[in-house]
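The values are calculated or read from the model by the stated rules, or taken from the named source; none is laboratory data. Quantities reported herein were computed from a predicted structural model and do not represent experimental measurements. Cβ atoms come from the backbone with ideal geometry, glycine included; neighbour counts cover every protein chain shown. When the accessible area is computed, the model is the full protein with side chains, heavy atoms only, and any ligands, DNA or RNA have been set aside. Shrake-Rupley method; radii C 1.70, N 1.55, O 1.52, S 1.80 Å.
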Amino acid sequence: MKRYGRGLLTGAFMLLLLGCAVSNDRPKALEACKIAVLLPGAAGDLSWNDTNMEGIAYCEEKFQIQIEQLNNVEETEFEQVLVECGEQGYDLVLASGEQFTDSVNTMAGRYPDTFFCIVNGIRADHENVAAVRPREYEASYMAAVIAGNIMETGTAGMIAGYPNEGMEHLLDVYEETVREILEERGIEDAEFLRAYTNSWTDRSLGRKMAEQMIESGAEVLFVYSNEAGLGCIEAARDQGAKVIGFSSNPTREHPDTVVASIKFDFGKLYEWILTRYETGRLRGKRTEEVGRKEGIFVPVYSSGISREIRDQAEQK
């Protein structure tokens with residue numbers, strides 16, 4: 001491995017292989033297995049990558065294992081990194097992000113003794129590939145309840161990373177829910193501004209998009225674009241708009257601007273995945289979903305969000 005995270009080939013990390021094998025009856029202790037997580041970005045994005053890293057750290061402590069973390073894996077390097085994981089005999093490789101779906105399904109067949117799990121994946125073509133998706137639309141519904149109740153005008157902004165099926169669905173749920181709440185409050189003819197950065201890292205582009213939406217009247221922005229979202233938060237801060245954070249907890253760092261966030265508890269998500277893997281219940285050629293029922297989504301509020309709104313957002 002060339003430069004990812006803590007380095008796959010560090011001697012201190014290399015664990016003895018005690019026979020972890022990919023099969024449907026694979027109950028093996030996690031401490032006997034070599035596990036790696038592939039992330040598309042780095043720490044500090046206040047979004048997807050930070051959330052994943054918190055979940056990884058939680059599971060390392062809970063299970064007393066070491067999980068190799070590979071950060072900043074670029075799309076042009078997906079297949080190369082997957083090959084290196086397979087060649088180095090990793091038992092479980094977690095590729096975190098829908099963008100890994102095609103590469104994992106292309107390369108997994110070469111390494112039948114490695115089990116691949118695509119976090120937020122949409123397809124699992126092989127017996128040694130599983131896809132596990134958070135029901136992000138459940139989280140966007142919670143975000144919409146908050147936004148719809150704090151808006152004073154009928155213009156809402158949404159800035160997201162890429163227009164894939166899952167992203168469009170969660171944004172549709174957000175938009176429909178905000179519209180319904182505004183109509184109940186007597187605010188008709190709501191306008192929704194939606195834009196995609198087509199990048200998880202372009203902070204300046206995120207800022208420009210947010211500035212344009214705010215100038216067009218958006219008072220609340222719903223942001224899901226990783227590091228690019230930091231630019232959106234900066235623009236909202238400078239222009240007096242509000243933000244609903246998503247996947248991580250930027251409310252912690254920017255409570256005056258990010259008035260609420262729906263944080264993904266990836267500690268629970270990875271615990272769910274690892275427990276199923278260890279007991280042989282993480283099956284190949286299958287896509288599974290987790291969400292509110294499993295406690296994956298945790299709302300975070302600034303002091304300005306009333307108890308009434310909080311109760312409504314958390315009502316199941």
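Which condition from (1) buried (at least 16 other Cβ atoms within 10 Å of the Cβ); (2) touching a helix residue (DSSP H, G or I) at 6+ places or on another chain (Cβ under 6 Å) is the one that Q239 breaks?
(1)
Name the pairs: first residue in the range 170-193 and under 15 Å from F222 (Cβ atoms) and free of Cβ contacts under 8 Å to residues at least 12 places away in the same chain, second residue open to solvent by less than 30 Å² (accessible area, probe 1.4 Å) and in a strand (DSSP E or B), Cβ to Cβ under 8 Å, at least 6 apart or on different chains?
Here the result reads none, with nothing in the range 170-193 linked to a residue that is open to solvent by less than 30 Å² (accessible area, probe 1.4 Å) and in a strand (DSSP E or B).
Scan the range 297-304 and tell me whether some residue there is closer than 23 Å to G245 by Cβ and among the polar types (S, T, N, Q).
Quick first cut of the range 297-304, residues closer than 23 Å to G245 by Cβ only: 297-304.
The next check asks that each one be among the polar types (S, T, N, Q); those that pass are 302-303.
Yes: one or more hits.
Taking the criterion of being assigned to a strand (DSSP E or B), more than 15 Å from Y141 (Cα to Cα) and either charged (D, E, K, R) or open to solvent by 50 Å² or more (accessible area, probe 1.4 Å) (or both), would at least one residue in the range 161-168 satisfy it?
no
Just checking: which of the strands (runs of 3 or more DSSP E) contained wholly in the range 205-316 hold 3 or more residues that are farther than 21 Å from L182 by Cα and not small (G, A, S)?
Result: 286-290, 297-301.
Condition test on G55, is it in contact with a helix residue (DSSP H, G or I) (Cβ under 6 Å, 6 or more places away or on another chain), assigned to a loop (DSSP other than H, G, I, E, B) and open to solvent by less than 30 Å² (accessible area, probe 1.4 Å)? Give the derivation first.
Working: in contact with a helix residue (DSSP H, G or I) (Cβ under 6 Å, 6 or more places away or on another chain): yes; assigned to a loop (DSSP other than H, G, I, E, B): no; open to solvent by less than 30 Å² (accessible area, probe 1.4 Å): yes.
No; evaluated as a whole, the condition is false for this residue.
Here are A210, A260: which of them is open to solvent by less than 20 Å² (accessible area, probe 1.4 Å), touching a residue at least 40 places away in the same chain (Cβ under 8 Å) and within 25 Å of Q312 (Cα to Cα)?
A260 is the lone residue from the list that is open to solvent by less than 20 Å² (accessible area, probe 1.4 Å), touching a residue at least 40 places away in the same chain (Cβ under 8 Å) and within 25 Å of Q312 (Cα to Cα).
For the range 263-307, name all the residues that are free of Cβ contacts under 8 Å to residues at least 12 places away in the same chain and not hydroxyl-bearing (S, T, Y).
Within the range 263-307, R276, R281, K293, R307 qualify.
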